[in-house]
Amino acid sequence: MRTLRLMWIFFRVGVMGEAAYRVNFVIQLFQSLLGLLTALGGLAVVFAYTDTLGGWRPDEVVALVGVYILVGGVIGVVIQPSMEALIEGVHDGSLDFTLTMPEEAQLLVSIQDVDIWEVLNILLGFGVLGVALSRLGEQVGVLQAAVFGLMVLAGGAIVYAFWLILATLSFWFVRVENILVIFQSVYEAGRWPVTLYPAWLRFGLTFLVPVAFAVTVPAEALTGRLTWPTGLGAVGLAAALLVVSRLFWKVGLRNYSGASA
Amino acid sequence: MTGLAGVYQQQMKTSFAAMLQYRAALVIWLISQVLDPVIYLIVWSTVTAASGGEVGGYTRGDFAAYFLVLMLVNNITYSWIMHEYEYRVREGTLSAALLRPVHPIHADIADNLSSKMISTPMMLAVAVGLGFVFRPTVHLVPWALAAFVPAVALAFVLRFLIEWTLALAAFWTTRVSALNQTYYVALLFLSGQVAPLALFPGFVQAIGLALPFRWMISFPVELLLGNLTPAQALIGFAAQVAWIAIGLVLVRLAWRAGVRQYSAVGA
């Protein structure tokens, strides 16, 4: 409850900060739509020559694109800006201020910066998903929707833990923001079902950079492809990574000496 | 002229030193340049496998050759100037460059050339490695092979001029990200990075002929792979030269107007 209230406060601060720059809304809207157009354009070219791609029908891949945009929005709203702010804070010592606050520091650090316009991507993702599912004519039952929600949560948790581990590396190494760039370029690979890729690349996209769990697995849940081992594996990995990232944070913090103080 | 050569020599020496300091950044940049063509290669390989071994005249091996050569040409012609100019204008670091007695574009060309000297051998090694995985089919035509070298050189000049001109938009607005993204989307489709242009519907191909994007990447690729007739190759060279001429005029106009606009924020 307290966590949610804090998140709400940070979100409101984000809104207040951005309210002065309303043109940014139009720009973000334009860029989100352009991103969607790019994804759909690529699909249009490919599906002009085939009916299914690795067993996925066109509308199913569109649903996957919806999940891709949706999860990308979740990452963009809070995970990415906060983790970038954390790295910056370790660099210039402004993390000191966060640490002195009377709240759990990991929580504060994880929600410290909110990019509200990225919410547009979440809405757009839901929209694309809705259109794709209605075209598939599939009745999404309560159970299926719940499993999808759970898979998005697990995927989100895995991505969050992954970013936190990378960001805490800044306690030891100076230049880690480059590693975050890798995530962005690798995340683009998630626009296609990872089952398409050869084994070596699929392994990388599943465990080195968890794109598979973030995008393909939730989309599998919606299109009736999810198997029990994969679903349970996603939840298990999410739990394990959350614990590991917590350890990284604790040990890293002990290494932090405050650059400015 | 020896003066300018000296400037280039010195500038390249400096950027070499700077780049060797940031080796990790080089590797990361390499990953992003490699991943995109590889993904489209895999997608198209899947499509060919599903539709009887051939899509629009391209076999699996043709796609492999196409995307691996495309990766190399993209690396050679790539510039990052559009990402950087906004920072230069906003932070006022451009002011120092303006004080030098040579046009700032020379420093950027030298920077770009020296980074390509490091990245091209790396990309070649990656391409050879990926060649063992994806098994491209290559049938080289001698005249096309000879024509490939000037085609890539012209493609580099053209892309650099166009991107340098667009980068100057930073003089008028600090929100260049939307413009940059629009440019990159057009480049993605019309320069053949998603698929060979021959696989697109007719009207997209017609647009592709009229705009500069095709001549910056996909033209040299198709030339090397022997997909073009001599007449088509000549049309391509003519288009490249014409667009370079237009680019030269645009660079001059935009630069003059931009510098007048510049007020050295933060300097």
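The values are calculated or read from the model by the stated rules, or taken from the named source; none is laboratory data. All figures in this text were calculated on a predicted structure; none of them were measured in a lab. Cβ: placed from backbone, ideal geometry, glycine included. Neighbour counts: every protein chain shown. What goes into the accessible areas is simple: the full protein's heavy atoms, side chains included, and nothing from ligands, DNA or RNA. Shrake-Rupley method; radii C 1.70, N 1.55, O 1.52, S 1.80 Å.
Quick notes on this structure:
- Top-ranked residue in the range A:113-142 [being assigned to a helix (DSSP H, G or I) and polar (S, T, N, Q); ranked as surrounded by the most Cβ atoms within 10 Å (Cβ to Cβ)]: A:N121
- Residues in the range A:156-199 that are over 18 Å from the mean Cα position of the chain (by Cα) and more than 8 Å from chain B (Cβ to nearest Cβ): A:L169, A:S170, A:F171, A:W172, A:F173, A:V174, A:V176, A:T195, A:A199.
- In this structure, A:L107 does not satisfy being over 29 Å from A:Q31 (Cα atoms), touching a residue at least 24 places away in the same chain (Cβ under 8 Å), out of contact with any Lys or Arg (no Cβ under 6 Å at 6 or more places or on another chain) and crowded, with 21+ Cβ neighbours inside 10 Å.
- Positions within the range B:34-60 being more than 8 Å from chain A (Cβ to nearest Cβ) and over 22 Å from A:T195 (Cα atoms), in sequence order: B:G57, B:Y58
- Filter result for A:R175 (closer than 24 Å to B:L30 by Cα, outside any helix (DSSP H, G or I) and without any contact (Cβ under 8 Å) to a residue 12 or more places away in the chain): yes
- For the range B:185-196, taking the residues that are without any contact (Cβ under 8 Å) to a residue 60 or more places away in the chain and facing chain A (nearest Cβ under 9 Å), the one that is nearest to A:Q31 (Cα to Cα) is identified as B:V185.
- Failed item, numbered, when B:S45 is tested on (1) small (G, A, S); (2) in a helix (DSSP H, G or I); (3) free of Cβ contacts under 8 Å to residues at least 12 places away in the same chain: (3)
- Options B:T182, B:T174: the member that is within 14 Å of another protein chain (Cβ to nearest Cβ), closer than 25 Å to B:H103 by Cβ and open to solvent by 10 Å² or more (accessible area, probe 1.4 Å): B:T174
- Identity of the residue in the range B:48-72, in a helix (DSSP H, G or I) and farther than 24 Å from B:V149 by Cα, that ends up farthest from the chain's Cα centre (by Cα): B:A50
- Test: residue in the range A:20-34 that is of a type in the set (D, E, K, R) and more than 10 Å from chain B (Cβ to nearest Cβ): yes
- Members of the range B:48-59 found to be open to solvent by 10 Å² or more (accessible area, probe 1.4 Å), in contact (Cβ under 8 Å) with a residue 24 or more places away in the chain and over 19 Å from B:R214 (Cβ atoms), listed by number: B:T59
- Looking at B:V102, B:V89, B:V133, just one residue is within 18 Å of B:L248 (Cα to Cα) and over 21 Å from the mean Cα position of the chain (by Cα), and that residue is B:V102.
- Set side by side, the residues A:T3, A:T38, A:T50 differ, and just one is touching an Asp or Glu at 6+ places or on another chain (Cβ under 9 Å) and more than 15 Å from A:I116 (Cα to Cα), which is A:T3.
- In the range B:92-114, the residue that is most open to solvent (accessible area, probe 1.4 Å) out of those that are of a type in the set (S, T, N, Q) and assigned to a helix (DSSP H, G or I) is B:S95.
- None of B:M117, B:M82, B:M122 is under 17 Å from the mean Cα position of the chain (by Cα) and open to solvent by less than 50 Å² (accessible area, probe 1.4 Å) except B:M82.
- The set of residues in the range A:39-51 being facing chain B (nearest Cβ under 7 Å) and under 17 Å from A:A219 (Cβ atoms) consists of A:G42, A:V46.
- Top-ranked residue in the range B:197-210 [being under 24 Å from B:F160 (Cβ atoms) and open to solvent by less than 60 Å² (accessible area, probe 1.4 Å); ranked as farthest from the other protein chains (Cβ to nearest Cβ)]: B:G208
- Of all residues assigned to the range B:2-11, at least one qualifies as being in contact with a helix residue (DSSP H, G or I) (Cβ under 9 Å, 6 or more places away or on another chain), more than 12 Å from chain A (Cβ to nearest Cβ), without any contact (Cβ under 8 Å) to a residue 12 or more places away in the chain and open to solvent by 50 Å² or more (accessible area, probe 1.4 Å).
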